[in-house]
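Where a number appears in this text, it was derived from the coordinates with a stated rule and is not lab data. The model shown is predicted, which means the values in this text are computed figures rather than measured ones. Here Cβ is always computed from backbone atoms with ideal geometry, including for glycine, and neighbour counts include all displayed protein chains.
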Amino acid sequence: MYLAGTAASLATYNLEGGTLTTEMECLGPRGTARFNQTGGSNLMGEGGLSISALEEEASSVYALSGGLLSASYLYVTAEAGGQAALEWTGGSLGTAQVGILGTGRIRVDCGGSAALVTTLLFIEEDEEEVPTGRLDLTENNLVVDYAEGQSPLVQVCNWIRAGYNRGAGYWDGPGITSTAAAEDPDALTALGVIDNSDPLGDGLVGGLTELEGVSVDLTSVLVKYTYWGDMNFDGQVTFDDYDVIDYYYWFPPENEDDFGWWCGDLDYDKNIDFDDYDLID
Ligand SMILES: [Ca+2]
Ligand SMILES: [Ca+2]
Ligand SMILES: [Ca+2]
């Protein structure tokens, strides 16, 4: 199914109930396309959903506020000033691959009740390895359920570092960010990330069987909207978390890539110092 496609066209599709079954769906890449799903099921089976805007005046938006959207892949692509976005505010989303290309955007704004779960996540980067796309989790979580030996932890951590935008802003960068953290008047919240397999092997974080109601396996990278310093992802900051940062303050990881939220490097600058303790206090 194709929505829009040419420069002057405007296309809107509303799905309120029933089941829509297609092999694949494309919004864009020119003109204005909007898919409003407030209920029902939109099923693509083995196929996927492509939301694209490849010229300045183009705008393609999929707004999911109810029902079920199921696609084996989901690509959001914006180039040349076009606007392409998935706005997820309610209902369920099931997808195995998520790609955010160019300046595409995905916003998960389900009131903290949702996790974007995928086996592969890709966010395009420029020549300086700065991400160009944006995944805004607001108050929600992310699970990248990877295959054994293929942890995307370093990449996901880099995208969060870009989203946090330390030194230039506050949770307003590209990559993986949270406008809820940015707008928190007390600045107490952040996006944390851990590899559930505990790659450092110290038994201080990871080993979770669920993340706020979502079942997870050990080979998963978990991103949680939580309080600064909640390294073990139990939703609060306690002595257990201080134990983590204290341990790694005295016994820091040997490799630069091993620094991140999980060991107390809360500001993602690859060391553990008083700036990190400031954030937890
Ligand atoms: Ca896994
Ligand atoms: Ca905790
Ligand atoms: Ca740090």
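Taking Cα atoms, how many degrees apart are the long axis of helix 153-164 and the longest axis of the chain, rounded to 10 and kept between 0 and 90?
So the inclination is approximately 80 degrees.
Where the centre of each part is set by its Cα atoms, how far does region 179-197 sit from region 30-92, in angstrom?
Computed from Cα coordinates, the inter-centre distance equals 26 Å.
Could you list which residues have their amide H under 5 Å from that of Glu125, counting only those 5 or more apart in sequence or on another chain, with H placed in the peptide plane?
Excluding prolines and chain starts, which carry no amide H, the hits are Thr132.
Share of Cα-Cα pairs in region 2-234 beyond 24 Å, in percent?
44 percent
With point charges of +1 on the Cβ of Lys and Arg and -1 on the Cβ of Asp and Glu, referenced to the Cα centre of the chain, which listed residue (Gly66, Phe259, Leu191) lies farthest in the positive direction of the dipole?
Gly66
Using a basic spin-label model with each label point 7 Å from the Cα along Cα→Cβ, how many nm lie between Ala96 and Asp275?
It is 4.1 nm.
Whats the longest run of the chain with zero GluC sites (Glu not before Pro) that are DSSP loop and have at most 13 other Cβ atoms within 10 Å?
Between exposed loop sites, the widest span is 149-253.
Show me the trypsin sites (Lys or Arg not before Pro) within region 109-206 that DSSP assigns to loop and that have at most 15 other Cβ atoms within 10 Å of their Cβ.
Within region 109-206, the qualifying trypsin sites (Lys or Arg not before Pro) (loop, at most 15 other Cβ atoms within 10 Å) are Arg166.
Identify, among Gly81, Thr177, Thr21, the residue whose Cα sits farthest towards the positive end of the charge dipole of the chain, taking +1 on the Cβ of Lys and Arg and -1 on the Cβ of Asp and Glu, with the dipole about the Cα centre.
After comparing all options, I get Thr21.
What is the gain in length, in nm to one decimal, between Ser113 and Arg166 on full extension, counting 0.36 nm per residue of separation less the C-alpha to C-alpha distance?
Additional length available on full extension: 16.4 nm.
Simple spin-label model, 7 Å along Cα-to-Cβ: Trp250 to Val130 in nm?
Placing both labels 7 Å along Cα→Cβ, they lie 4.1 nm apart.
Between Asp202 and Glu56, what is the spin-label point distance in nm, taking each point 7 Å from the Cα along the Cα→C-beta axis?
If labels sit at Asp202 and Glu56, their model points lie 5.2 nm apart.
Sort region 1-126 into rounded, prolate or oblate with this rule: let a ≥ b ≥ c be the square roots of the eigenvalues of the Cα gyration tensor; rounded if a/c is under 1.5, and if a/c is not under 1.5, prolate when a/b is larger than b/c, oblate otherwise.
It comes out oblate by the Cα gyration axes.
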